[in-house]
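Have a look at the structure below, then the notes.
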Amino acid sequence: MGYVFRYFYGLCMAVGFAMAAAHAAPAPQRVDLPPLPSGVVLHAHWLPAEGAERRPAVLALHGCGGLYAKGGVLAERYREMAERLHAAGYAVLMPDSFGSRGLRDICQTRYRDRSVDVAQRVQDARAALAWLAAQPQVDARHIGVLGWSNGATTTLNLLEQRHTRPEPGEPAIAGAAVFYPGCGPLAKRQAVLEAAPLLMLLGALDDWTPAQPCVDFARSLQARSGGGDITVQVYDNSYHGFDGTAPVRLRADVPNGTSPEGVHQGGNPEARAKSLAALDVFWSRVLATRAAP
């Protein structure tokens, strides 16, 4: 009976998210976070939730293509997600790890040659979390982290670093959701993550960041933690970027996949719909809260 209730509750919440997302959100504000120890000033887009009471928030971490499309506007994926989260009553912060360092994207650069690595992005995320928790509109007890690709890998490494090197006064992470991260190195070193609810959304045909290492890593985490709140969804017939709307194409300019010919990237409408619905249900579960005093 409880399972049936949770199923229909989650389904209703997902429908509510979709209906709410149809309403236009205000444009995100450009903000500058306090300088990092390196001296970098991290630029970000900030979309506070509506209302006077404190609300949950989501920190969203972009992929290797950066935050922007051509013309310097927010890429469709991030704009749509910000609107979706805002319409559901959440605040959204999207830090710009690349533009803050004079870069647009790093997809075409081999991992070993990148001037902005995952470790640097983890520091960006920790600083962004601290900034978020300090905002008077944010319920610091209910902050989620969302990442895509390189940002998803950053999210998992953030959870690892917070477990191995916690910092006093850090806000809790209520839940983390990741689209197609790279899990190979984490699985190889048997990384231990902070015990936050985790949702992995993966493409079965992904030849850029393959799904299987993440499936294996999740199983290992669950075995070592005695279960853990970890959910893995693998979508059939889906490549990297399945949650987008662009058609699948071969990117011969990306040298970091499983084939020397390049990687495939593009959307799958069915996987897009299912993954966004799963994400909605996840946030409604881990961020659900009454207004904080």
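Residues considered: P95, P269, P168. Largest GNM mean-square fluctuation over the chain, using C-alpha springs under 10 Å, is found at P168. Here's how it looks for V232: its modeled amide H is under 5 Å from those of M200, which are all 5 or more places away or on a different chain.
Taking 12 Å as the cut-off, the amide N atoms of the stretch 171-187 that come nearer than this to a point 7 Å along the Cα-to-beta-carbon line of R224 belong to 186-187. With the simple spin-label model, which puts each label point 7 Å out from Cα in the Cβ direction, the E270 to Q108 separation comes to 3.5 nm. Farthest toward the positive end of the dipole of the chain, out of L93, L129, V232, is the Cα of L129, where the dipole comes from beta carbon charges about the Cα centre.
Shown for K274, K70, K188: other C-beta atoms within 10 Å of each C-beta, ranked fewest to most, produce the order K70, K188, K274.
Could you quote the convex hull projected area for the chain, Cα atoms only and averaged over all directions, in nm²? Could you put the intermediate results ahead of the total?
Working: hull surface 61.8 nm².
Hull-based average projected area comes out at 15.4 nm².
How many percent of Cα pairs in the stretch 130-261 exceed 22 Å? Before the final figure, lay out each step's value.
Values: 3412 of 8646 pairs.
It works out to 39 percent of all Cα pairs.
The phi torsions of the stretch 265-274, fed into the Karplus equation with coefficients 6.51, -1.76 and 1.60 and a -60° offset, translate into couplings of 9, x, x, 10, x, 5, 5, 4, 4, 5 Hz, rounded to whole numbers, with Gly and Pro shown as x. The 3J(HN,Hα) values that the Karplus relation (6.51, -1.76, 1.60; θ = phi - 60°) gives for the stretch 187-196 are, in residue order, 5, 4, 8, 6, 4, 10, 10, 3, 7, 10 Hz. Gly and Pro appear as x.
In the calculated pair-distance distribution of the stretch 232-293, the portion above 15 angstrom amounts to 61 percent of the Cα-Cα pairs.
Here the Gaussian network model covers the chain, with springs between Cα atoms less than 10 Å apart; of P48, P213, P26, P26 fluctuates the most.
Relative contact order of the chain, taken over Cα pairs closer than 8 Å and 6 or more residues apart, is 17 percent. Among S100, S149, S275, the largest mean-square fluctuation in a Gaussian network model of the chain, built with springs joining Cα atoms closer than 10 Å, belongs to S100. Residues T109, T154, T245, T209 in ascending order of nearby Cβ atoms (within 10 Å, fewest first): T245, T109, T209, T154. Taking the number of Cβ atoms within 10 Å of each Cβ as an exposure proxy, the fewest-first ranking of R126, R77 is R126, R77. Values of log10 I(q)/I(0) for the stretch 78-161 across q = 0.12, 0.17, 0.18, 0.22 Å⁻¹ run -0.39, -0.77, -0.86, -1.19, by the Debye formula with one identical scatterer at each alpha carbon and no solvent. If Lys and Arg each add +1 and Asp and Glu each add -1, what is the summed charge of the other residues whose beta carbon sits under 9 Å from the beta carbon of R126? Local charge sum for R126: -2.
A helix-only calculation puts the chain at -11500 deg cm²/dmol for mean residue ellipticity at 222 nm, using -39500 (n - 2.57) for each DSSP H run of at least four residues, averaged over all residues.
Every read-out reported here was derived from the displayed coordinates using simple, explicitly stated rules and does not represent laboratory data. Given the structure is predicted, the values throughout are model-derived calculations rather than measurements. Methodologically, a virtual Cβ is constructed for each residue, glycine included, from the backbone with ideal geometry; neighbour enumeration extends over all protein chains shown.
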